[in-house]
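Below you'll find the structure, written out as structure tokens, and then a few comments.
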Amino acid sequence: MKTCAIVGASGYTGRELLALLARHPRLRATVVMTARPGAAPEPPQFPGEPTIDALDLARLRDVDGVFLCTPHGAASAIAQAALAADKRVVDLSADFRLRDPANYQRTYGSAHPAPELLGRAVYGLVEHQRERVQQAQLVANPGCYPTSVLLPLLPLLQGRLLDANAPIVADCKSGTSGAGKAVSERTHFGNVHENFLAYGVGTHRHAPEIWQEAGTQRIVFTPHLLPVFRGILSTLYVTPAAGVAADAIRSALRERYAREPFVRVYEAGTPQPELRCVQHTNQCHIAVAASGPLVVITSAIDNLVKGASGQALQNMNLMLSLPEGDGLP
Ligand SMILES: NC(=O)c1ccc[n+]([C@@H]2O[C@H](COP(=O)([O-])OP(=O)(O)OC[C@H]3O[C@@H](n4cnc5c(N)ncnc54)[C@H](OP(=O)(O)O)[C@@H]3O)[C@@H](O)[C@H]2O)c1
């Protein structure tokens, strides 16, 4: 049995990890802490939940792996302490996703808190980085929107199946849990219920992350807020390369992910993925269809599972040499 710490356990992703780990056969959360220096312990909210202890970095020495479930900016100092104790670290925040500290500063509005660690971080999109994750000490868990966009897109870019000059439109919709548990005017029930809106148009922080991993800035990323709690549905509008049909794009994706337990590419003629197909699972479901001059790809994930805590656990399993799918629905 291996052990792990969850730091920032009181948020949505921390609680999701606790729920996943409760059913994990080989990994136990033995240290469950707040990430706020000086904050008091939090008693369980519901029966069966653990107490969330005060932050004590010395306790990171007692575990094999550390999950950081904090806002960006707050993760770096804890990552430094965990790495100094020679622990495996999966950071769910954005602190280690952008390789260039200048890009981090532009995107997040402050200097990177630990630029010396950036070179050690592996971007943990497991299906594309499995060998590097197995060797990594520090994994930057991908953002939720980037996960839903990059899984369908990367094989097509790598296989040169898309027109290299045409923009790629990523029209993405997320449930409100993507914004975390803090109350805000935008995600307040009264503003979300019976409503639908785009936000961060042209400015969202996940665009630089998508561009970095895709190796191109010709992706137009627009997020929208759905009046649901969990799930992301991304609709990608792509221009195929000359002579490439939607069927070839679908076949390429089906072949690329045929042996991946957490990515399912639908056959032609099947219904489109829906949020309810993937909610509470670590799955990404993808469908491909021709539409006029374009190919339309839909991609659905649960932002809290494949888009956050499930993918983080998939990464940690690999880093600790455990079966990759352990504890993952
Ligand atoms: N939600 C998603 O779908 C999702 C998906 C992918 C990645 N992420 C990323 O994962 C991280 C956690 O997200 P979340 O949704 O779990 O957020 P959340 O629900 O807002 O929880 C944030 C956690 O961090 C703590 N925290 C807040 N401000 C802090 C500070 N200044 N210093 C130290 N700790 C602080 C909170 O403690 P208190 O209880 O004391 O406030 C809580 O434990 C974020 O970086 C987020 O961007 C989230």
- Message: For the range 76-109, give me each residue that is touching a residue at least 60 places away in the same chain (Cβ under 8 Å), within 12 Å of the ligand (Cβ to nearest atom) and assigned to a helix (DSSP H, G or I).
- Response: Ile78, Tyr108
- Mind checking which residues of the range 12-46 are assigned to a loop (DSSP other than H, G, I, E, B), hydrophobic (A, V, I, L, M, F, W, C), under 26 Å from the mean Cα position of the chain (by Cα) and within 13 Å of the ligand (Cβ to nearest atom)? Ala35
- Query: Which members of the range 160-200 meet the condition of being within 16 Å of Pro223 (Cα to Cα) and over 21 Å from the mean Cα position of the chain (by Cα)?
  - Reply: Arg186, Val192, Asn195, Phe196, Leu197
- Task: Mind counting the residues in the range 120-142 that are without any contact (Cβ under 8 Å) to a residue 40 or more places away in the chain, touching a Phe, Trp or Tyr at 6+ places or on another chain (Cβ under 9 Å) and either within 14 Å of the ligand (Cβ to nearest atom) or part of a helix (DSSP H, G or I) (or both)?
- Result: 3
- Task: Provide a single number: the residues in the range 149-163 that are outside any helix (DSSP H, G or I) and in contact with a Ser or Thr (Cβ under 6 Å, 6 or more places away or on another chain).
- Result: 1
- Query: Quick one: how many residues across the range 87-139 are among the small types (Gly, Ala, Ser) and closer than 26 Å to Gly200 by Cα?
  - Reply: 7
- Message: One residue is enough: does the range 47-69 have a residue meeting the conditions touching a residue at least 24 places away in the same chain (Cβ under 8 Å), within 15 Å of Ala114 (Cβ to Cβ) and in a strand (DSSP E or B)?
- Response: yes
- Message: Filter the range 71-92 down to the residues that are within 16 Å of the chain's Cα centre (by Cα) and crowded, with 24+ Cβ neighbours inside 10 Å and list them by number.
- Response: Ala75, Val89, Val90, Asp91, Leu92
- Among the residues of the range 283-312, which ones are within 13 Å of the ligand (Cβ to nearest atom) and farther than 17 Å from Asp171 by Cβ? Asp302, Leu304, Val305, Lys306, Ala308, Ser309, Gly310, Gln311, Ala312
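Each row is one residue, and each column tells you yes or no for (1) under 14 Å from the mean Cα position of the chain (by Cα); (2) in a loop (DSSP other than H, G, I, E, B); (3) farther than 30 Å from Leu83 by Cβ; (4) at pLDDT 95 or above.
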site: Leu236; (1), (2), (3), (4): no, no, yes, yes
site: Asp247; (1), (2), (3), (4): no, no, yes, yes
site: Leu253; (1), (2), (3), (4): no, no, yes, yes
site: Val288; (1), (2), (3), (4): no, no, yes, yes
site: Ser309; (1), (2), (3), (4): yes, no, no, yes
site: Leu318; (1), (2), (3), (4): no, no, no, yes
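The values are calculated or read from the model by the stated rules, or taken from the named source; none is laboratory data. Quick caveat, the model's predicted, so the values are computed rather than measured. Glycine gets a Cβ as well: all are built from the backbone with ideal geometry, and neighbour counts include every protein chain shown.
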